[in-house]
Structure formats: C-alpha cells, structure tokens
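Encoded as structure tokens, the structure appears first; notes follow it.
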Amino acid sequence: MFGKVDEKELLDLARRTRKDVWQMVYSTKSSHVGSAFSIVEILVVLYKLILKNNHKNPDDAERDRLILSKGHACSALYAILAELGYFPKELLDTYAKNNSILMSHVNSEVPGVEFSTGSLGHGLPVSLGMALAAKSRGEAWRTFTILSDGELNEGSNWEAFAMAAHLKMDNLFVIIDCNKLQAFGFTKDVVNLDPLEKKFEAFNWEVMRIDGHDFSELYRAFTVLSNSQSGRPKLIIADTIKGRGVSFIENKLEWHYRWPSDEEYQQGLIELG
Ligand SMILES: Cc1ncc(C[n+]2csc(CCOP(=O)(O)OP(=O)(O)O)c2C)c(N)n1
Ligand SMILES: [Mg+2]
C-alpha cells in the first residue's frame, strides 16, 4: 500500500496509460512513443501519490504545479490526465490531428497542463520562476518539473540549477528521466555528463538516484525529499528504459521517431496486456 492507494491501482493506471499512448501514436503515425513510455511510472506516482491537485478544479491557486519539460513525451501526460478525469477520454482520439488541442508537443490549453513545452531547455527556468513566485508570496504549493537526460545539453538548465540553489528554492523538485538515449544516439556519446549525481551535489542540490519504473523507490524518494529540511532544491535522477513496456522498442534508438506497423501494434497490445 502507498497511503490509501494499493499497488494494483498504480499498475492498472500505468498499463492503461501505455495502451492509450500506443493507440495514439499508432493511429496518427506519430513519434516519441519511447520517450512517453519511459516516464509512465514517474507520472503515475506524481499524480496518484504526490501532487496536491484536483481534476475538478485544475486552476486551484493552491495546487502543486507540474511542468513536463520534455514536451515531446506529451502523449503520456495527456493519457494520464484523461485517465484521471481532467478531460473526456474520447479527446485522446484527436491527438496530433488538425485543430485538436492535444498537439504533439505539450499544449497549455489542455486542462491540467501548466505550460506549453517542446523546445527543450525551458521547463526548468520557468519552474524556477514559479517556485520563486510561491516563495515570495509565502504560499505552500510546490513546483515539479520532469527533464530528459538529453535535454541537459541545453545550457539554460545549468543557469537555472545554479540560481535555484543560490535562492534556496526548497519548494522546487526536478526529476531527470535518465533513459540514456536521445534523438540521435546514446547520451554518453553525444555529451557525456557523468557523473551526474556529483555535478548536482556540487551545484548544492539534494540528490537521490533511483529506479524510475519502481513505484516504491519513486514514492520513497519523493517522500524523503518532501520531508527534508535541507533548504536545498531537490533532484531525483530516475534511471529508466526508453520504450519501457514493449520489449521490441525498449532501448532502441529508432523508436525515438518510429511508430508501429499494423503487426507491431498488435504485438505491442499483447505485451501491454
Ligand atoms: C531546443 C530543441 N532542440 C532540439 C529538439 C528536437 N528534439 C526532440 S526530442 C530530442 C532529444 C530527445 O532525447 P532526450 O532529451 O533524452 O529525451 P527522451 O526522448 O530520451 O525522453 C531532440 C533533440 C527540441 N525539441 N528542442
Ligand atoms: Mg533521453
């Protein structure tokens, strides 16, 4: 059990989210399914166990804010928001189609979405501004932002990492979806940023490294960091697998851009249960 939520509920939500995403990318021949699959458990834990928010009042001034900075993985965010009742599930059928609000990069017109993203490197600087706004007004809500590992190549992040620690933004939580792959290669071969923990510790962040597909580890990390009195901004390096959930797309570079053929779609559905 995780508070009042049992593990089966989390597993079911993760499975339904992946199936929705698989259907969305198949029917519209769109990219980034691997990127979406790698953050499913992170989103499930955040929405079911950590974020203080309410689908019936998505603009509640007291809500925790979440920015998905890796905006190309929007299909996972849209699917989970629909599953949680932010908007009708039928809207998912319009994903990536003309005139739909469910654009193929995160669109803030969608109920429950805080900020449009897609151009990498902007989510963290904006999240820092939001965290600063909450602090300067004496408000208790927190800001969470999910970055991808390839996104760390963007220099704007490093300015924000330095500034957030300088300002002691302990109401700011960053999750790095560390799936080791990006659009054109393995992260270590494009710009090797290892050792990541040491870099963030040197920037004076409070850092935990965990398995980003393990509900217990995610829940524990968010709980430990939420209860910490360190005064530092918080960062979770979540080790994940790009494409997690469908064996033949896991950790395969080409699935950054590819979509499933008819046969692959059927095979994937079987694997996703
Ligand atoms: C500023 C900017 N440059 C390039 C792109 C094109 N692009 C989309 S995803 C991506 C990299 C994907 O790798 P990663 O950031 O690790 O995310 P993952 O797909 O692994 O979740 C790139 C270069 C972009 N969206 N924004
Ligand atoms: Mg990556």
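Just to be sure, is T145 within 16 Å of ligand 2 (Cβ to nearest atom), among the polar types (S, T, N, Q), more than 21 Å from R232 (Cα to Cα) and surrounded by 16 or more Cβ atoms within 10 Å (Cβ to Cβ)? Spell out the reasoning first.
Working: within 16 Å of ligand 2 (Cβ to nearest atom): yes; among the polar types (S, T, N, Q): yes; more than 21 Å from R232 (Cα to Cα): no; surrounded by 16 or more Cβ atoms within 10 Å (Cβ to Cβ): yes.
Criteria not met by T145.
Contact map, the range 110-135: first residue closer than 18 Å to K70 by Cα and in a loop (DSSP other than H, G, I, E, B), second residue open to solvent by 20 Å² or more (accessible area, probe 1.4 Å) and of a type in the set (K, R), Cβ cut-off under 6 Å, separation 6 or more or different chains; pairs are E114/R65. Looking only at the range 173-199, residues that are within 19 Å of the chain's Cα centre (by Cα), closer than 19 Å to G155 by Cβ and more than 9 Å from ligand 1 (Cβ to nearest atom) come to 3 in all. Per this entry, I249 is counted among residues that are open to solvent by less than 60 Å² (accessible area, probe 1.4 Å) and among the β-branched types (V, I, T). Inspection of the range 173-189 finds a residue satisfying the criterion of being at pLDDT 95 or above, in contact with a helix residue (DSSP H, G or I) (Cβ under 8 Å, 6 or more places away or on another chain) and more than 14 Å from ligand 2 (Cβ to nearest atom).
Pairs linking a residue in the range 50-78 that is open to solvent by 40 Å² or more (accessible area, probe 1.4 Å) to a residue that is basic (K, R) and not in a loop (DSSP other than H, G, I, E, B), with Cβ atoms under 9 Å and 6 or more positions apart or on different chains, are N53/R65.
State the number of residues belonging to the range 187-215 that are in contact (Cβ under 8 Å) with a residue 40 or more places away in the chain and either surrounded by fewer than 19 Cβ atoms within 10 Å (Cβ to Cβ) or in a loop (DSSP other than H, G, I, E, B) (or both).
9
Condition check: within 16 Å of ligand 1 (Cβ to nearest atom) and within 27 Å of G273 (Cα to Cα). Does I42 satisfy that?
Working: within 16 Å of ligand 1 (Cβ to nearest atom): yes; within 27 Å of G273 (Cα to Cα): yes.
Answer is yes for this residue.
Of all residues in the range 8-49, those being open to solvent by less than 20 Å² (accessible area, probe 1.4 Å) and either basic (K, R) or in a helix (DSSP H, G or I) (or both) number 21.
The values are calculated or read from the model by the stated rules, or taken from the named source; none is laboratory data. Since the structure is predicted, the reported quantities are computational estimates derived from the model, not experimental observations. All Cβ positions, glycine included, derive from the backbone under ideal geometry; neighbour counts span all protein chains shown. Ligands, DNA and RNA are stripped out before the accessible areas are found, and what is left, the full protein with its side chains, is counted by its heavy atoms. Shrake-Rupley method; radii C 1.70, N 1.55, O 1.52, S 1.80 Å.
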